[in-house]
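Working notes, beginning with the structure itself.
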Amino acid sequence: MSMDADALLRSQQDLQGRIARVYENLKKSGAAKITAGAVESRLKALEANWSKFETNHEALRTMYWKAVADHEYIKKDFFGLVEESFLTQRGTLLDLTQSLKEPIEQAEPTEAGASQPRRTLPRIQLPTFSGKYEEWPAFRDLFRSLITTDASVSGVERLHYLRTSVKGEAEQLIRNLPTTGDNFDRAWSMLADHYENKRLLVRSCFSAFTSTPRMKNESAADLKRIFHGMLSTVGTLESIGRPISDCTDLFVHLVVEMLDPRSRREWETAVSDTSEPPSYETLKTFLECRMRTLEALQPSKTESPSSPSNKAASATSRSARSHLAQKTTKKSGRCAQC
């Protein structure tokens, strides 16, 4: 893969992190600092990062397609995942902006007949639901916020949007319903009855997470995959009323077992000052720090352990140790390594 493509992929990973943490970072600043101006600034920064992400994606798709066609960025639809994250973050900030402005608008009503500027928002792409149980909660919440709660959208339009947003088994469930306004509620109920199965949702969610490949060695990309899978699992479980608070110890153990030996050693060192089981937040903080460390070290790794030069050096070292052992054994009758 070319260096330019690598640089773009690294930039996409960085932008993904910035987009996904906008609201969380805003909350960390404290309630006193969450003002309408602060939210608007975060919203502008979010939209700027998304614009950069789209530009980079288009460059990867048009200029470096051969280099990234088989990369996980394409295979796992990284663009789609980040787009959904962007829409969620943007919607949250817009809702927060509205809630902060409402008290002011109520206290200072506008004069009758005063014209209000109408803000034109960019088109929001609807999510797509493939029929996987673990994807249902996110699809359900986003579709409700974009379509179901919008009073200006008619029943026929809602059903049309729903049909174009589902595929696979989900599409088959509602395929034969006539396109009438009354049938939207029926179609939505059919999907909800089928996929609002907490037992299957929990099982599907954990199955998807535990199928994530374990780390074999130190890798920022592999650790990010596990970290994002962990966040997705926790978020999905919370959205269906099954938070991990009742099984934190087991969940933390499952995540730690996915790490490479060096990362597990670092983890044990980090929690060795107490005999209490570590919390999920402790693990989350550790993984965030570990990712930053591996990302910082990654550019300096110019030669892999399995490269020809390293193999030759390793062979030379083994040969030297063997020769020294033979000389020592002849003189003293003991192995040099004993």
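The values are calculated or read from the model by the stated rules, or taken from the named source; none is laboratory data. From a predicted model like this one, the values you see are computed outputs, not experimental measurements. Note that we place each Cβ from the backbone using ideal geometry, even for glycine, and neighbour counts take in every protein chain shown.
Any idea how many residues of the range 177-189 are outside any loop (DSSP other than H, G, I, E, B) and either surrounded by fewer than 18 Cβ atoms within 10 Å (Cβ to Cβ) or free of Cβ contacts under 8 Å to residues at least 40 places away in the same chain (or both)? Break it down into steps so the answer makes sense when it comes.
Of all residues in the range 177-189, those outside any loop (DSSP other than H, G, I, E, B) come to 183-189.
Filter again for either surrounded by fewer than 18 Cβ atoms within 10 Å (Cβ to Cβ) or free of Cβ contacts under 8 Å to residues at least 40 places away in the same chain (or both), leaving 183-187, 189.
So the answer is 6.
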Consider Ser51 carefully, then state whether it is modelled with pLDDT of 80 or more and of a type outside the set (A, V, I, L, M, F, W, C). yes
Would you tally the residues in the range 190-211 being free of Cβ contacts under 8 Å to residues at least 12 places away in the same chain and of a type in the set (Asp, Glu)? 1
Would you confirm whether or not the range 105-125 contains a residue that is surrounded by 11 or more Cβ atoms within 10 Å (Cβ to Cβ), part of a loop (DSSP other than H, G, I, E, B) and modelled with pLDDT of 65 or more? yes
Residues of the range 284-298 being loosely packed, with under 15 Cβ neighbours inside 10 Å and basic (Lys, Arg), which ones? Arg292
Expected output for the range 164-176 (first residue part of a loop (DSSP other than H, G, I, E, B), partner of a type outside the set (A, V, I, L, M, F, W, C), Cβ below 6 Å, 6+ apart or cross-chain) is Lys167/Ser130; Gly168/Ser130; Gly168/Gly131
Quick one: would you say Leu94 is surrounded by fewer than 16 Cβ atoms within 10 Å (Cβ to Cβ) and at pLDDT 50 or above? yes
Residues of the range 211-232 satisfying the condition of being at pLDDT 90 or above and not in a loop (DSSP other than H, G, I, E, B): Ala220, Ala221, Asp222, Leu223, Lys224, Arg225, Ile226, Phe227, His228, Gly229, Met230, Leu231
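When the residues of the range 233-265 are filtered to those that are part of a loop (DSSP other than H, G, I, E, B) and free of Cβ contacts under 8 Å to residues at least 60 places away in the same chain, which remaining residue is farthest from Lys198 (Cα to Cα)? Walk me through how you get there before you give the answer.
Of the range 233-265, the ones part of a loop (DSSP other than H, G, I, E, B) are 240-243, 258-260.
Okay, now just the ones that are also free of Cβ contacts under 8 Å to residues at least 60 places away in the same chain, so 241-243, 258-260.
Numbers: Gly241: 9, Arg242: 8, Pro243: 12, Met258: 25, Leu259: 29, Asp260: 32 Å.
So, considering only residues that are part of a loop (DSSP other than H, G, I, E, B) and free of Cβ contacts under 8 Å to residues at least 60 places away in the same chain, the one farthest from Lys198 (Cα to Cα) is Asp260.
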Exclusive hit being under 30 Å from Arg140 (Cα atoms) and over 18 Å from the mean Cα position of the chain (by Cα), set Ser275, Ser245: Ser245
